[in-house]
Each structure stands twice: as structure tokens, then as C-alpha cells.
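As C-alpha cells, the structure follows; a few thoughts come after it.
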Amino acid sequence: MDFKVLLPSGVSLPRECIEAAGNDELIAGILYRRGIDKPEKIEAFLYEDKYRPFNPSEFENVKEAIKLILSSANQDAKVCIYGDYDVDGITSSVLLVEALEPLVGNVIYHIPHRFTEGYGMDIDVVRELGDRDVDLIVTCDCGISNVDEIELARNLGMDVIVTDHHTPPEILPPANVILNPKLYGADHPLYPLPGVGVAYILVRALYEKLDRPLPEGRWLDLVALGIIADVVPVLGECRYLLRKGLPCLLNPERVGLRALYRVLSSSGCKVEDEEDIAFQVSPRINAAGRMDSPYLPAELLLEKDMDRALDMAADLDSLNRERKALQNQIFDRAVEMVEAE
């Protein structure tokens, strides 16, 4: 069967775009309609060796963030990673905890409670962090809209680095440093990244500054998981990191992921591709925050002991079953209400 891609009236597909797609007019046309409309863009999308990875040290404001982190390390400061309760926020938090602990030493983390705190930073939690003598807060997957909370943190003597990927409001928070590719428009190479991707770029820049090369695949399992779960556009650096990280995610070294996959396998679910990640793994991690246990998935991903990890994975699986049962009850009740009225 022959296929053709219909372009808008008056628009023709440039010959050089077809050539860049290996003379495949169908592929070239699909990409062209999706905004990948220049030969170099098409080649970078289709061929890994044609893509030039982003240099982390070129990320706007990253040098200021590194100075603040290294200053905290030199002063034996207490650092709090402030995340979110979804997969992106949890993977971001775990990545930053694992990356900063060897450098700073005194690192804690906070995952918000969905029902008592809601999304983002909470004013009472910020006060509590001040009482606990936290010196530096590093947000991940949140913070860009928390003007009041970050102003309070600064007034209490805490420094704040915001790493986020959500659309910035008109008034930015008074953080010491803000890392958010959405500040720089859709043409920014990091624009599609989720929060864990932004955290990863910061960590890579930090370790390169310290001349500490990352082992092959380090933290790319978390990056790939966040990209899939957050359903971000798989373009540019996002596509590159997912391509590099997916093998690390499907065949993980991380104990917590291996334990979760083992629990899934015992119930007949195999983790073989990105679809399994999206529909089997991600919902179980998200279920914890939705069912009143926001710390459980972070603890699982940080766990080094397989026996403890298996217990946590089983708890996550149980919470997901509870979530599905509750969801079905709500749906059935909604159908009853609609039919009655």
C-alpha cells in the first residue's frame, strides 16, 4: 500500500528534507508537518551520530548554581532537596540526593503530601526547614511559582536554587538561582525536558566542574523514567537522553527498580519497552502520592538492600491496586449519577 503525506495547500516538501530523511518522502513529510522542517533537524532526529548533545556548562545560570552548591559543601551546610509527589518529582529528588550527598554530606529531602500540602512548596514546611537549620533548598520539578514560600525562605536566611520545567509566571520567585529552560523560549535545546532532565543537566555541569566524570549511564535510568512518565515531547535533548537512558531503565542496575520489576513479573507483567514503563511502572510510583504514601517510591529508588526493596515494591503494588479499586468506585458512582439525572 502506498502512503502520501498531505501538506497544507500551497506548501511543498523541500527536496533537501527528503534527502535528509534517506529519500523517504513519507518520513520527511511526517517530520516536516511536526515542525522538524530543516535538513539538519531531520538528520539530528533520525540519526544519533548527527545530534550534538547540549553542553551542560552552557545552561543559563548553571555556573551560579554550582558556586552556591560548592559553597555549601565547603561550609558543611545542610541542604534540602524539595521535590514533588509524581514520578518526575520523585526521580528528580532521588537524582539530586544521590548526586549531592557525596559532595555536601548533610543532605535531606522533602516530598510534599498531596492532600495536606498540595503541589509545590508549602509555607509551613519552609518554616520547619528553617527550624531544622537548613542552609540551602534545591527545588526540583517545582518552585517556579512559589514566590511567597521562597521569599520566606530567603528571609529565614536560607538560599534557594530552583530547578523546574513548568511555565514561569509573570512574577518570578526571589530565588538565588533559577534553572528553567521554559524561561528561554521553545527554541531552547532543553525546552522539552521534564524536571528530572533539568536536575540532570545541573548535576552533569557540577561534576564536570569538579572534573569527576560520570560513569556510563549514571542516573539516566531516572531521566528516562521521568521523560516517559511526564509525557513530554521527545525532541532534541529529551530524545537524545531517552535514547541513551532507555537501556539503563529496561535493564536496571538500581536495586529498587529490579525489585519492582520482579514484583511485576510475579503478577504476569513484563517490563520490556517504554510502553510497559508508561503503563505498568509509572502508575505504581504515582499511586503512592495519590494514596497517602509520598515517600515510599523515593525510598524504594534509593534503597540498596534487595530484601527491603522487595517489601517496598510489594507495598507500591498493593497501593496501586487500591488506587484502581477506588478509581473504579468513583467512575461507577459517576455513571450512576449521570444516568439518574
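The values are calculated or read from the model by the stated rules, or taken from the named source; none is laboratory data. Because the structure is predicted, anything quoted here is derived from the model rather than measured. Positions of Cβ are generated from backbone atoms using ideal geometry, with glycine treated the same way; all protein chains shown enter the neighbour counts. With ligands, DNA and RNA removed, areas are computed over all heavy atoms of the protein, side chains included. Shrake-Rupley method; radii C 1.70, N 1.55, O 1.52, S 1.80 Å.
Observations on the structure shown:
- In units of the compact-protein estimate 2.2 N^0.38 Å, the chain shows a Cα radius of gyration of 1.08.
- Nonpolar atom fraction for the stretch 196-285, defined as the carbon and sulfur part of the 1.4 Å probe accessible area, stands at 49 percent.
- Seen through its C-alpha gyration tensor, with square-root eigenvalues sorted a ≥ b ≥ c, the stretch 214-336 comes out oblate because a/c lies at 1.5 or above while a/b is not bigger than b/c.
- Summed side-chain charge close to ASP122 - residues other than ASP122 whose Cβ falls under 10 Å, Lys, Arg +1, Asp, Glu -1: -3
- Length gained when the stretch GLU128-GLU216 is fully extended (0.36 nm per residue, less Cα-Cα span): 27.9 nm
- Taking N as its residue count, the alpha carbon Rg of the stretch 84-201 over 2.2 N^0.38 Å: 1.01
- Note, ³J(HN,Hα) from phi for the stretch 169-179, Karplus 6.51, -1.76, 1.60, rounded to Hz, x at Gly and Pro: x, 4, 9, 7, x, x, 6, 5, 9, 10, 10
- Efficiency of FRET between ASP307 and ASP24 - r from beta-carbon atoms, R0 51 angstrom, step 0.05: 0.50
- Most mobile of SER267, SER145, SER12 in a GNM of the chain (Cα contacts under 10 Å): SER12
- Carbon-plus-sulfur accessible fraction, the stretch 1-126 (probe radius 1.4 Å, protein heavy atoms only): 48%.
- Amide H contacts under 5 Å for ILE178: VAL162, restricted to partners 5 or more places along the chain or on a different chain, H placed in the peptide plane at 1.01 Å from N.
- Inter-probe distance in nm under a simple model that places probes 7 Å from Cα toward Cβ, at GLU64 and PHE331: 4.7
- Per-residue HN-Hα couplings for the stretch 119-128 [Karplus 6.51, -1.76, 1.60; θ = phi - 60°; Hz; x = Gly/Pro]: 6, x, 7, 10, 4, 5, 5, 4, 4, 5
- Over all projection directions, the Cα-based convex hull of the stretch 123-277 averages an area of 11.2 nm².
- The stretch 17-107 - Kirkwood radius from inverse mean 1/r over Cα pairs (Å): 16.7
- Bridge type composition, the chain - antiparallel percent by DSSP, nearest 5: 0
- Sequence ranges 79-91, 301-313, ranked by mean other-Cβ count within 10 angstrom, highest first: 79-91, 301-313
- 1.4 Å probe accessible area per residue over the stretch 50-161, in Å²: 40
- The stretch 167-267: GluC sites (Glu not before Pro) in DSSP loop, at most 11 other beta carbons within 10 Å: GLU170, GLU216, GLU253
- Local electrostatic count at GLU272 - Lys and Arg +1, Asp and Glu -1, tallied over other residues with Cβ under 15 Å: -1
- Our Cα-only numbers for the stretch 227-295 put the radius of gyration and Dmax at 12.8, 37 Å.
- When peptides 158-166, 15-23 are ranked by their average number of other Cβ atoms within 10 Å per residue, the highest-first order is 158-166, 15-23.
- Using θ = phi - 60° and Karplus 6.51 cos²θ - 1.76 cosθ + 1.60, couplings along the stretch 213-226 (whole Hz; Gly, Pro as x): x, 7, x, 3, x, 4, 6, 6, 4, 5, 5, 4, 4, x
- Structure-based [θ]222 nm, the chain - -39500 (n - 2.57) summed over DSSP H runs of at least 4, per residue, nearest 500: -16000 deg cm²/dmol
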